[in-house]
Amino acid sequence: MRKFMTAALATAMILPAGLAVAGGPEDIAKARIGYYRLLGLEMDGLAAMAKGEIDYDAEAAKGHAANLSVLTQYSPKGLFAPGTSNADLPGQTRALPVIWENMAAMGEKGAAFRSAVAELAAVAGDGREALGPAVGKLGGTCKACHDDFRAKDY
Ligand code: HEC
């Protein structure tokens, strides 16, 4: 018992106070938005190259693709905990309640996104000509999910 108390006390001292409230619906929505912002940042870099707004750079393109690939390894399941839609948290998220009504359809959009990332990663280093169509296809998978599952505004 004494040993347990000591361990519990030690844990309480290591964890910063803020962590005690992490994991509530607001925190989950914030983490979800952060995840999608990471996708957006990587995509912005690729789209700028594909459109010729910045010079094509094979290493940079491969870097963005590699980061996107890593993000496809992350399971977003926990980010879609019940009670975190824009009906539950008005003004804090754009996630539509239909996500929770049709998780399977949402999962299909996610699968299309993941395979488009894999296709992009395979050609990202092969020049702007190769990058363009792959970025276009990936962007289409982002849009397809947003059209159905994301509100236009907060
Ligand atoms: C399977 C569905 C799905 C796919 C695929 C998807 N998104 Fe989203 N995205 C969402 C949802 C849902 C939200 C709203 C999240 C929220 O507000 O809680 C969102 C939000 C965003 C946001 C806004 C974050 C903010 O600040 O409000 C960005 C940026 C974004 N997505 C970029 C992308 C990009 C880029 C891709 C493709 C590379 C992509 N998403 C693919 C569902 C998806």
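Details
- Region 72-83, residues that are within 22 Å of Ala111 (Cα to Cα) and touching a residue at least 40 places away in the same chain (Cβ under 8 Å): Thr72, Pro76, Gly78, Leu79, Phe80, Ala81
- Here Ala47 passes the criteria (1) under 24 Å from Asp27 (Cβ atoms); (2) buried (at least 16 other Cβ atoms within 10 Å of the Cβ) except the one numbered (1).
- Of the listed requirements (1) surrounded by 16 or more Cβ atoms within 10 Å (Cβ to Cβ); (2) under 16 Å from the mean Cα position of the chain (by Cα); (3) free of Cβ contacts under 8 Å to residues at least 40 places away in the same chain, Ser69 misses just one: (3).
- Scope region 144-154; condition within 9 Å of the ligand (Cβ to nearest atom) and in a helix (DSSP H, G or I); matching residues: Ala144, Cys145, His146, Asp148, Phe149
- Any hit, region 79-88, residues being open to solvent by 30 Å² or more (accessible area, probe 1.4 Å), more than 25 Å from Ala65 (Cα to Cα) and touching an Asp or Glu at 6+ places or on another chain (Cβ under 8 Å): no
- Restricting region 134-143 to residues that are in contact with a helix residue (DSSP H, G or I) (Cβ under 6 Å, 6 or more places away or on another chain) and near the ligand (Cβ under 8 Å from one of its atoms) leaves a set whose member that is nearest to Ile99 (Cα to Cα) is Thr141.
The values are calculated or read from the model by the stated rules, or taken from the named source; none is laboratory data. Keep in mind the model is a prediction, meaning the values are calculated, not measured. With ideal geometry, Cβ positions are generated from the backbone for all residues, glycine too; neighbour counts draw on all protein chains shown. Accessible surface areas use protein heavy atoms only, side chains included; no ligands, DNA or RNA. Shrake-Rupley method; radii C 1.70, N 1.55, O 1.52, S 1.80 Å.
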